[in-house]
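Here's the structure, in structure tokens; my notes come after.
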Amino acid sequence: MKCVTTALVVMTLSAASAVAETPVAEVSQLQLYSSFWQNLHHFLYVSAWATRPVVPEQPRLAMPLPPGSDVSMAPDEKATWDHAVTVYERDFASRDLLFGQRMTMIKLGLVDRDDKLTGAPYDDELKTLLLSAAPIYRKYWWPAHDAGNRAWIEDAVRRTTKYAPAIVARLTTLYGVPWFGRPVRVDVVRFGKSQGAYTSNNPTHIVVASSDPGYAQWSSVEMLFHESSHGLFRKTQLAIEDAANRAGKTPRDLWHVVLFYIAGEVTRQELAKDGVEYKP
């Protein structure tokens, strides 16, 4: 995945008044969070997409909302929430959560923020919008979303812990780089990108949607090592691209295909040693 620009990273990491959030769980330097602000941001993005008609053969950048996501609100709450969704539809929905302008900055700017978003590197409009939508999201959706996230985290970490040492050892040998020397943040959101998970680099920051059925059970193990591999794969990616260039070939995203294969096959093989049948 593409790296975020240095300017955005510096802007975000230097923002003042951050508060340390507590991860729900940790495995092999991967710290998994169920963060209120990350979930609100992604839910507004998905809700904005839900207002758009489905157009055949036109890709959608967000997951669909499941039936029953609509709730009955007081008129003033509905007006505030609908306004927030409208702004997200106008300003952000057409931007990919990973590659779209400012989207990584917004995501990173929500890390370790207090209830007032103190120090968040946003303009007043976005900050005010999030603060106005926050109590409504907290009242109607957050308890269920947080519970779903935590259940997914508990299951994923339980499955991953036993196999992580062997998988990490094999991946780092194949990639020719050491594993992460400091914690990597994994933000678990209930709904998000159409692909379910995505990773930005510098710093490595993973987001995964816990409601995505493709990441249930043993698939959660592969997903964690696939996404974390994005932070370790640059050396291998450059080698693949160099070999392709020397051969006069320009295969589209071959490096990502290779990453998919390595993470999936290593996970499958390690699970198989324990009698677990898994198909990547």
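The values are calculated or read from the model by the stated rules, or taken from the named source; none is laboratory data. Just so you know, these numbers come straight off a predicted model, no measurement behind them. For neighbour counting, all protein chains shown are included, and Cβ atoms are generated from backbone atoms with ideal geometry for every residue, glycine included.
For the stretch 261-268, the count of residues that are at pLDDT 95 or above, over 30 Å from ALA48 (Cβ atoms) and of a type in the set (Phe, Trp, Tyr) is at least one.
One residue stands out among those in the stretch 113-136 that are basic (Lys, Arg) and part of a loop (DSSP other than H, G, I, E, B): the one that is farthest from ALA84 (Cα to Cα), which is ARG113.
The stretch 174-280 holds helices (runs of 4 or more DSSP H) entirely within its bounds, and those carrying 2 or more residues that are within 22 Å of TYR45 (Cβ to Cβ) map to 219-229.
Which members of the stretch 13-55 meet the condition of being modelled with pLDDT under 50 and either among the small types (Gly, Ala, Ser) or surrounded by 22 or more Cβ atoms within 10 Å (Cβ to Cβ) (or both)?
Start the filter on the stretch 13-55 by keeping residues that are modelled with pLDDT under 50, which leaves 13-17.
If the condition is that a residue be modelled with pLDDT under 50 and either among the small types (Gly, Ala, Ser) or surrounded by 22 or more Cβ atoms within 10 Å (Cβ to Cβ) (or both), then SER14, ALA15, ALA16, SER17 are the ones that fit.
In the set VAL184, VAL168, VAL258, only one residue is modelled with pLDDT of 95 or more, under 28 Å from TRP141 (Cβ atoms) and surrounded by 13 or more Cβ atoms within 10 Å (Cβ to Cβ); that residue is VAL184. Determine whether the stretch 190-205 contains at least one residue that is within 20 Å of the chain's Cα centre (by Cα) and of a type in the set (Phe, Trp, Tyr). Yes, because at least one residue in the stretch 190-205 is within 20 Å of the chain's Cα centre (by Cα) and of a type in the set (Phe, Trp, Tyr).
Of all the residues in the stretch 234-272, those that are free of Cβ contacts under 8 Å to residues at least 60 places away in the same chain and either basic (Lys, Arg) or touching a Lys or Arg at 6+ places or on another chain (Cβ under 7 Å) (or both) number 5.
Listed here are the residues, each with its yes/no results for (1) outside the structural domain of VAL184 (by TED's automatic domain parsing); (2) in contact with a Gly (Cβ under 8 Å, 6 or more places away or on another chain); (3) modelled with pLDDT of 95 or more.
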site	(1), (2), (3)
HIS205	no, no, yes
VAL208	no, yes, yes
SER211	no, yes, yes
GLY214	no, yes, yes
SER219	no, no, yes
GLY231	no, no, yes
LYS235	no, yes, no
LEU238	no, no, no
ALA243	no, no, no
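Within this structure, ARG252 passes the test of being of a type outside the set (A, V, I, L, M) and at pLDDT below 95.
Okay, residues lined up against (1) aromatic (Phe, Trp, Tyr); (2) touching a residue at least 40 places away in the same chain (Cβ under 8 Å); (3) outside the structural domain of HIS205 (by TED's automatic domain parsing); (4) not in a helix (DSSP H, G or I):
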position: LEU40; (1), (2), (3), (4): no, yes, yes, no
position: VAL46; (1), (2), (3), (4): no, yes, yes, no
position: GLN58; (1), (2), (3), (4): no, no, yes, yes
position: MET73; (1), (2), (3), (4): no, yes, yes, yes
position: ASP76; (1), (2), (3), (4): no, no, yes, no
position: ALA84; (1), (2), (3), (4): no, yes, yes, no
position: ARG95; (1), (2), (3), (4): no, no, yes, yes
position: GLN101; (1), (2), (3), (4): no, no, yes, yes
position: MET105; (1), (2), (3), (4): no, yes, yes, no
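Among the residues of the stretch 137-156, those that are closer than 18 Å to THR80 by Cβ and under 20 Å from the mean Cα position of the chain (by Cα) comprise TYR137, TRP141, TRP142.
Tell me, please, whether a residue that is surrounded by fewer than 14 Cβ atoms within 10 Å (Cβ to Cβ) and over 21 Å from GLN195 (Cβ atoms) can be found in the stretch 90-105. Yes, there is a match, as at least one residue in the stretch 90-105 is surrounded by fewer than 14 Cβ atoms within 10 Å (Cβ to Cβ) and over 21 Å from GLN195 (Cβ atoms).
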